[in-house]
Amino acid sequence: MKSPLLSLPGAVPAEGVDEGVAAHYGDLFREQRALADGTGFVDLSHRGVVTVTGDDRLSWLHLLLTQHITDLPVGRATEALILSANGHIEHALYLVDDGTTVWAHVEPGTEEALIAYLESMKFFYRVEVADRTADTALVHLPAGSITPAPEGAVVRETPYGRDLFLPRADLESFADAHGPAAGLLAHEALRVEQHRPRLGFETDHRTIPHELGWIGTAVHLQKGCYRGQETVARVQNLGKPPRRLVFLHLDGSEVHLPVPGTGVRLADDGPDGRQIGFVTTSVRHHELGPVALALVKRNVPTDARLMAGDTAAAQETVVEP
């Protein structure tokens, strides 16, 4: 979905999975500062939007998701995962129920596979699953924003701000009334600062929830059975995850950021040291400078000096070893 807001002055398109919205509008740090101050909004209209309606929507989703949502109050935001049979993360959903419909936004391009899985699990339950991406756009308002939600919008309130599900036809008028717009790079910089993982960025084909700190926020440990629960329970009660998420303060003298996938090694091992992890997301932050998230082996000492490629990095613990 290509956003009409790419026609705004200074808009530079994002690339890769985020293609379709603006990476920035000409001033990355100004846009970050605006979001940090609670002003402006972020166009996330490229994200997938999926709805579930019907009397059994909450009890049915409760059986499939890692989150406890049987009695989810109207208007309360939550997040949840869908795992493989081996406990690996397949989907991440950001949810809210408006009293008749569960609204979820998901990573761009994942909605088709998600819907196919949900449809395969309907059986006799009174639910209807729909792809609303074509007619619904997601907009993010930062924490502290006083911008009112337009009439007809579905609001998902979180500690990090509000997600608005808007009719896609209203996106341009919303931008006219509630600018300035901030690009996706500003949104990503704040996400990294907040240590929040993102599917497809901090995850690979073998990631389990414990590695990213999703236990508690997206995984409820006291709920009933769901696919992959055995792995979650086993790691929680008997084992330890093989990797852990860390936040990296990168050497600011380097011109280029280490790209996702760049190997991480112990600085004391020298340039030929073995890889003990990899960078997942790297950004330039308006206050912190160059920073990144990375996955490293669980037993890497929390005070070890690291190298992300050729860039020196100091680590900050996100997931305890």
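Tabulated data for the structure shown
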{"item": "Helix-only CD estimate at 222 nm, as mean residue ellipticity for the chain, using -39500 (n - 2.57) per DSSP H run (n ≥ 4)", "result": "-4500 deg cm²/dmol"}
{"item": "Sorted peptide list for 298-311, 29-42, criterion being average Cβ within 10 angstrom, highest first", "result": "29-42, 298-311"}
{"item": "Between segment 38-68 and segment 232-302, the Cα center-to-center distance that results, in Å", "result": "30 Å"}
{"item": "Straight-distance crosslink candidates among lysines, where the alpha carbon sits under 22 Å from Lys240 and sequence neighbours closer than 8 are dropped", "result": "Lys223, Lys297"}
{"item": "Per-residue HN-Hα couplings for segment 270-283 [Karplus 6.51, -1.76, 1.60; θ = phi - 60°; Hz; x = Gly/Pro]", "result": "x, x, 9, x, 6, 6, 10, x, 7, 6, 9, 9, 10, 9"}
{"item": "Area projected by the alpha carbon convex hull of segment 242-321, averaged over all directions, nm²", "result": "4.8 nm²"}
{"item": "Summed side-chain charge close to Thr203 - residues other than Thr203 whose Cβ falls under 12 Å, Lys, Arg +1, Asp, Glu -1", "result": "-2"}
{"item": "Cβ-derived FRET efficiency at R0 22 Å, His205 paired with Lys122, nearest 0.05", "result": "0.25"}
{"item": "Ranked list, fewest to most other Cβ atoms within 10 Å of each Cβ, for Glu15, Glu157, Glu107", "result": "Glu15, Glu157, Glu107"}
{"item": "Rounded FRET efficiency, nearest 0.05, which uses the C-beta distance separating Lys297 from Ala130 and R0 of 35 Å", "result": "0.25"}
{"item": "Sequence-separation-based contact order of the chain, relative, with Cα cut under 8 Å and 6+ spacing, percent", "result": "19 percent"}
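Read-outs throughout are calculated quantities, based only on the coordinates presented, and are distinct from any laboratory measurement. Remember, predicted model here, so these are calculated numbers, not experimental data. Glycine gets a Cβ as well: all are built from the backbone with ideal geometry, and neighbour counts include every protein chain shown.
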